[in-house]
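Structure, as structure tokens:
The values are calculated or read from the model by the stated rules, or taken from the named source; none is laboratory data. All of these numbers come straight from a predicted model, not from anything done at the bench. To get the accessible areas, we keep the full protein, side chains included, count just its heavy atoms, and leave off ligands, DNA and RNA. Shrake-Rupley method; radii C 1.70, N 1.55, O 1.52, S 1.80 Å.
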Amino acid sequence: MLIVTLAFIVLILMGMPVAFAIGISGALFFLQHPELPFTIPVQVTVSQTQNFALLAVPLFILAGNFMNKSGITERLLDLASVLTGRMKGGLAQISIALSALMGGVSGSAIADAAMQSRMLGDEMIKRGFTKGFAAGVLSFGAVLTPIIPPGIGMILYGTIGQVSIGRLFAAGFVPAIMLWIGLSLAVWLTARRRGYQPERQTRPTAREFAKAFGGGIWALLFPVILLLGLRLGVFTPSEIGSFAVLYAVFIGFLIYRKMKRKSFLEALEGSLADIGSVMFLIALSAIFSYGIVLERVPEIVSGWILGITDNLYGVMVLVALFILAIGFFIDATVLIIMLTPIFLPLVRQLGGDPVHFGLVFIVAATIGNFTPPVGAAMYAVCSILRCPIGEYTRESMPLLAAVVMVTLLLVFVPQLVLVIPNIIFGS
């Protein structure tokens, strides 16, 4: 598997699309083992797409695109302004708040970062923010998106690791609030040092708050309804994706009345591209995963880590640091697909909770979207704002430090992750 892994890394560094890099390097494994029938790569690729639980992935992607076309973003922006507009940092604080409120809508860190950059990027620069800091805030704020229901990373992790998706959804709320606080504090400290002013000078009135909250209530209810549906047994994780699509269409056409035939077709077109890329990646990852299992990579990695420490928290820190390091080069979705079968059995062996580990894993893997050299969200934001990568990297260090510190806190205090799942679903 060493040669296969090196081939994968070389292909990625050459700029090859990730799905093809996984498929080609996985096929190389079978060339090394001529005793294996070469029909296996075809079989495992097809069978990977037949997992019923994965039906939730395209449905939630479709629901997210419908929600974005429903007019809900503008209403959440108004609510974010009311909540954080008087804090030092102005639009930067509003951007972080909007990421927290939008998490249950878009489900994609990259989509959230790109959308906010188009909405707020130019305005932040006009108000005196440096391009690097504006790009860093707009990028790192999207770290909240994958852990607020219905994050696609949670569905993939839960499906691959046989972990309750309902408990994973519930586990994301407290870590999301902590990340919001950590990023907001980093923005406040920078704004205080540089003199970035609040967006609002007066405290919002009760009427303003009620109007803004009422406008965003349908988006805020979305993750709550998902959890209640799962908890009460009304939906399975796959079925609730269908409900999410209907909910988004209902809001767009009948509540906000912003969705028209054109925007409906645009959402469908965007969803086809998103679903195709994600499902193609999932399908081809089966070839790579087959070699991982056959070569007993999980057992080898577990033995190596246990040779360093057999303490659960020590192991989780090592795993988190490893994921952070490799996430600089590989997309979060790929990491979840490839590394869950390797590290989750090790954590279970040491008595760790798979939901606790899953949240730490997803946050650590997502950080790679915002860091050089291959962070997709970073490139999206820097491209839109025309910001040099070097300036972005330098200005983003306080935000990166805040996210890493929160991640380490989540490792050592599992109840921060498990308190809501235990309340809703029982311990």
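Stick to the Cα atoms of the range 359-425, pair each with every other, and give me the Kirkwood hydrodynamic radius in Å at one decimal. Before the final figure, lay out each step's value.
Details: mean 1/r = 0.0737 Å⁻¹.
Averaging 1/r across every pair of different Cα atoms and inverting gives 13.6 Å.
Heavy-atom accessible surface of Phe328, to the nearest 10 Å², is about 70 Å², with a 1.4 Å probe and all protein chains retained. When all protein chains stay in place and ligands, DNA and RNA are ignored, the 1.4 Å accessible-area order of Lys260, Lys211, largest first, is Lys211, Lys260.
Comparing Gln116, Gln162, Gln93 in a Gaussian network model of the chain where C-alpha atoms under 10 Å apart are linked, the largest mean-square fluctuation is found at Gln162. Using heavy atoms of the protein chains and a probe of 1.4 Å, the accessible area assigned to Ser47 is about 70 Å². For Arg86, the residues 5 or more places off, or on other chains, whose built amide H falls under 5 Å of its own are Arg200. Using a probe of 1.4 angstrom and keeping all protein chains present, the accessible surface of the chain works out to 42 square angstrom per residue.
So how do Val293, Val137 rank on accessible area, 1.4 Å probe, biggest first, that is with the largest at the start?
Values: Val293 100, Val137 0 Å².
Correct descending sequence by accessible area is Val293, Val137.
Extent of the range 1-154 along its three principal axes (Cα atoms, max minus min coordinate, largest first): 67, 35, 20 Å. Among Ser277, Ser238, Ser117, the largest mean-square fluctuation in a Gaussian network model of the chain, built with springs joining Cα atoms closer than 10 Å, belongs to Ser277.
Surface composition of the range 72-190: carbon plus sulfur atoms hold 62% of the accessible area, using a 1.4 angstrom probe and ignoring ligands, DNA and RNA.
If you roll a 1.4 angstrom probe over the protein chains with everything in place, what fraction of the accessible area of the range 280-427 belongs to carbon and sulfur, to the nearest %? So the carbon and sulfur contribution to the accessible surface is 70 percent. Pick out which of Leu359, Leu321, Leu77 has the largest mean-square fluctuation in a Gaussian network model of the chain, springs linking Cα atoms closer than 10 Å. Top of the fluctuation ranking is Leu321. If you sort His33, His356 by accessible surface, 1.4 Å probe, largest first, the order is His33, His356.
The aspartates and glutamates whose alpha-carbon is closer than 18 Å to the alpha-carbon of Lys211, local same-chain residues fewer than 8 away aside, are Glu74, Asp78. What share of Cα pairs, in percent, lie more than 19 angstrom apart in the range 1-82? Pairs farther apart than 19 Å: 63 percent.
Residue-wise HN-Hα couplings along the range 382-393, as the Karplus relation 6.51 cos²θ - 1.76 cosθ + 1.60 with θ = phi - 60° gives them from phi, are 5, 5, 5, 8, 6, 9, x, 4, x, 5, 4, 4 Hz; Gly and Pro carry x.
Dividing the summed -39500 (n - 2.57) terms of all DSSP H runs of n ≥ 4 by the residue count of the chain sets its mean residue ellipticity at 222 nm at -24500 deg cm²/dmol.
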